[in-house]
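A.B. asks: Could you have a look at this structure, given as structure tokens, before my questions?
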Amino acid sequence: MLKVAYIGNGKSTNRYHLPFALKSGRVEVKTIFARHNNSTWERLANVNYTNNLDDIYTDDELDLVVVATPSAFHYQYAKECLEHGKNVLVEKPFAQTVAQAKELFELAQAKGLFIQAYQNRRFDSDFLTVQAVIESGKLGQLLEVENNYDYFRPEVPQSQSELTWENSFLYTHACHTVDQMLAYFGKPNQVNYDVRQLLGRGRMNDYFDLDLNYDNLKVSVRSSYFRLKSRPSFVLTGTKGCFVKASEDRQEQDLKHFYLPTKAHPDFGLDRPEDYGTLTYVDAAGNYHEEKVVSKVGDYSRLYEGVYQSLVNGAEKLVKDEETLAQIEILERGFKLLQ
């Protein structure tokens, strides 16, 4: 069991971390820090809620500190944790720049400490299903991958009057999808960028379309705040067929309704039959097939299981340093095009 403290007591900690940390059975939450103890989130029993960081930094019992603050503070708190001898799990985006990320990894290595990005979206149902379809071989040689992560929230960019990295769609959403592609396909040979402020220069970044180019494979990672009807979450195209997964992982949707991954909710995050993707292909005999693919089960608690295995059993990090550096490089270069 890992004794864990959280820096931050907002949506990130309470919606995307605690339910899955507790579900994993690998975590005992000891302390939660927030600068102001006025959070409306329900408090956990037997947890020390504090506005004094020294309650974390001087606690020799802690095995791990999770940085789950707004993005602008990820680098600062991660560095402070390392300087105080703490292992760290850092919410995405891990840092603003490659230089910052390298500094954190080098500091951790020098001190013999663990630090890793919290890339929980590697355990999205749609992404896991896509991997299974690719590995089935029914698509033949994979040629194209489209990965869309759309919203219809026009009020968000309309309310923003300036361009900042921490509020940009690139950093807040491509940090999910770019990581998925890097985790599965590796670092691309080239990235082509179309990063926009659809409401005009000086406003927030509300759109991106990134082409990750590999040998004989094109991967498109796209997102917009203005899609009333979202594009399919994934479209795969191969020499023998295609796969279309229209809807995204349902874990986030359930969490937004406070339907949590507990024993009382065994159907948490599960796709319904109407959510299943469609695989269309021609087999070796030339026969046409169209079939629904039952979705894999997404489970963000697998990220905490990976952290446990690394800290307790010395397993390789689930999210490798070089993958995080490659992701930050892509985000940093894309954002610079707007400046």
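A.B. asks: List every residue pair whose Cβ atoms lie under 9 Å apart, where the two residues are 6 or more positions apart in sequence or sit on different chains, the first residue falls within the stretch 236-253 and is basic (Lys, Arg), and the second residue, located anywhere, is surrounded by fewer than 16 Cβ atoms within 10 Å (Cβ to Cβ) and part of a loop (DSSP other than H, G, I, E, B).
C.D. replies: As it stands, the answer is 240/137; 240/140; 240/141; 240/283; 240/284; 250/270; 250/272, since those pairs meet every condition given.
A.B. asks: Could you please find all residues in the stretch 84-97 being assigned to a strand (DSSP E or B) and either within 20 Å of residue 172 (Cβ to Cβ) or in contact with a Ser or Thr (Cβ under 7 Å, 6 or more places away or on another chain) (or both)? First the steps, then the outcome.
C.D. replies: To start, the set of residues in the stretch 84-97 that are assigned to a strand (DSSP E or B) comprises 88-91.
Within the stretch 84-97, 89, 90, 91 meet the criteria.
A.B. asks: Only one residue in 109, 116, 100 is in a strand (DSSP E or B) and not aliphatic (A, V, I, L, M). Which one? If you could, list the steps in order and put the result at the bottom.
C.D. replies: On the way: 109 fails: in a strand (DSSP E or B); 100 fails: in a strand (DSSP E or B).
The conditions single out 116.
Per-residue answers, yes or no, for (1) part of a helix (DSSP H, G or I); (2) at pLDDT 95 or above; (3) not aliphatic (A, V, I, L, M):
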position	(1), (2), (3)
21	yes, yes, no
43	no, no, yes
62	no, yes, no
75	yes, yes, yes
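A.B. asks: Residue by residue through the stretch 198-246, note down the ones that are of a type outside the set (Ser, Thr, Tyr), under 19 Å from residue 180 (Cβ atoms) and open to solvent by less than 30 Å² (accessible area, probe 1.4 Å).
C.D. replies: Those that are of a type outside the set (Ser, Thr, Tyr), under 19 Å from residue 180 (Cβ atoms) and open to solvent by less than 30 Å² (accessible area, probe 1.4 Å): 208, 210, 212, 217, 219, 221, 234, 235, 236, 238, 243, 245.
A.B. asks: A further question on this structure: Determine the pairs where a residue that is part of a loop (DSSP other than H, G, I, E, B), located within the stretch 191-212, has a partner that is small (Gly, Ala, Ser) and surrounded by fewer than 19 Cβ atoms within 10 Å (Cβ to Cβ) with Cβ atoms under 7 Å apart, the partner being 6 or more residues away or on another chain.
C.D. replies: Within 7 Å, the pairs are 203/161.
A.B. asks: Within the stretch 120-149, restricting attention to residues that are in contact with a His (Cβ under 9 Å, 6 or more places away or on another chain), part of a loop (DSSP other than H, G, I, E, B) and of a type outside the set (Asp, Glu), which residue is farthest from residue 286 (Cα to Cα)?
C.D. replies: 149
The values are calculated or read from the model by the stated rules, or taken from the named source; none is laboratory data. Please read all numbers here as calculations on a predicted model, not as lab measurements. With ideal geometry, Cβ positions are generated from the backbone for all residues, glycine too; neighbour counts draw on all protein chains shown. The protein model used for the area step is the full one, side chains on, heavy atoms only, and it has no ligands, DNA or RNA in it. Shrake-Rupley method; radii C 1.70, N 1.55, O 1.52, S 1.80 Å.
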